[in-house]
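See structure below.
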Amino acid sequence: MTMRRVLITAGATPIAGLIAESVLAQPDVEAVLLVDERAPDPLPAAEVSVAAMGYADLRDAIADNRIDTVIHAGLAPDRTGARPRADRADVITTMHVAAVAADVNGPVRNLVAISSNARYPVHSGAPAFQPESGERNPPRRGGYAASLAEAEDYLVVLAEQRPNLSICVLRFADLVGPGVTSPLASMLEGRWSPRLVGYDPMIQLLHIDDAVHAVEHAVERDLAGTFNVASPGVLPWGHIVRLAGNRAVCGVPAAAQPLAGALRALGAPPVPPGMIRVLQFGRGVATERLEATGWEPAHSLTEAVGSLRA
């Protein structure tokens with residue numbers, strides 16, 4: 001059995017620690033290194049490293065520890081469980097990860113990157129379940145979706161240049177579960193949640209345990225390509241709010257500021273940037289491609305929402 005040595009970027013984020021614990025349980029993994037600019041929480045059997053996440057730092061960490069598998073958990077800040085959430089994807093670190101992995105004389109053979117379903121556009125004509133090959137947000141300047149597209153494009157180019165390197169991009173739906181948050185889940189915290197008058201969009205979420213197992217599955221199977229990851233099915237936002245045990249604060253799309261004021265007055269979390277359109281039109285992705293590789297989510301959407309009150 002060939003033993004793996006794994007490096008996880010953004011190692012101080014909640015999801016990185018959970019991934020490290022899961023991957024370490026695999027019989028073919030002999031070492032895991034968590035790397036971040038701030039000290040990751042210590043884990044039994046896992047090493048931690050505080051580094052600037054630049055090219056030289058990653059190159060040295062990979063070479064010194066004979067890393068053959070990189071899990072890039074820092075690409076999509078909205079899918080890491082980190083606070084505060086950044087409004088741009090981590091393009092620079094992704095470039096550094098791609099450059100190190102591109103070294104044909106280097107040890108890296110597998111790269112798994114956690115991305116976001118924010119890569120897809122949100123509008124009234126969008127499909128209920130967006131496939132990986134479907135419409136994507138155009139690369140307009142600025143904004144989270146544009147930076148996410150830029151970061152993913154570096155990985156696409158790398159895959160073309162290094163056909164012997166397995167590169168897997170996992171586009172996560174909004175995370176829910178103990179210890180993590182995401183833009184949608186943040187609006188379900190507390191007892192009040194925003195809702196737009198005249199809209200009840202269909203929404204998808206992803207339980208953190210299923211997210212972690214998707215990464216573990218991608219590493220174990222040496223998956224290559226892009227895959228959507230979400231809990232099965234969709235539910236109306238109003239129903240999700242009720243399942244979470246919340247009450248709705250209603251507003252209209254043109255009155256986003258008054259809605260934000262009402263939420264603040266109730267002590268409720270604000271609407272994250274870019275989420276007004278999601279509260280209008282919803283967002284869902286097709287997951288059949290990942291499921292065809294043998295991955296199965298353990299939690300239904302109802303169970304994922306229920307984890308908010310667990």
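The values are calculated or read from the model by the stated rules, or taken from the named source; none is laboratory data. Given the structure is predicted, the values throughout are model-derived calculations rather than measurements. Here the Cβ is made from the backbone with ideal geometry for all residues, glycine too, and neighbour counts use every protein chain on show. Side chains included, ligands, DNA and RNA excluded: accessible areas come from the protein's heavy atoms. Shrake-Rupley method; radii C 1.70, N 1.55, O 1.52, S 1.80 Å.
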Limited to segment 1-12, what total is found for residues that are β-branched (V, I, T) and not in a strand (DSSP E or B)? 2
Which of the residues that make up segment 168-193 are surrounded by fewer than 24 Cβ atoms within 10 Å (Cβ to Cβ) and in a strand (DSSP E or B)? W192
I114 - would you say it is open to solvent by less than 20 Å² (accessible area, probe 1.4 Å), in contact with a strand residue (DSSP E or B) (Cβ under 6 Å, 6 or more places away or on another chain) and part of a loop (DSSP other than H, G, I, E, B)? no
So, in segment 1-12, exactly how many residues are open to solvent by 20 Å² or more (accessible area, probe 1.4 Å) and of a type in the set (S, T, Y)? 1
Evaluate the following for R242: is it open to solvent by 40 Å² or more (accessible area, probe 1.4 Å), over 12 Å from I203 (Cα atoms) and either part of a loop (DSSP other than H, G, I, E, B) or modelled with pLDDT of 85 or more (or both)? yes
Does L259 count as more than 16 Å from S182 (Cβ to Cβ), open to solvent by less than 10 Å² (accessible area, probe 1.4 Å) and either at pLDDT below 95 or outside any helix (DSSP H, G or I) (or both)? yes
Only residues that are touching a helix residue (DSSP H, G or I) at 6+ places or on another chain (Cβ under 6 Å) and either open to solvent by less than 10 Å² (accessible area, probe 1.4 Å) or closer than 15 Å to L301 by Cβ (or both): list them for segment 195-211, please. L196, P201, I203, L205, H207
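Okay, residues lined up against (1) at pLDDT below 85; (2) charged (D, E, K, R):
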site: A102; (1), (2): no, no
site: G106; (1), (2): no, no
site: R109; (1), (2): no, yes
site: P127; (1), (2): no, no
site: Q130; (1), (2): no, no
site: R136; (1), (2): yes, yes
site: P139; (1), (2): yes, no
site: G142; (1), (2): yes, no
site: A149; (1), (2): no, no
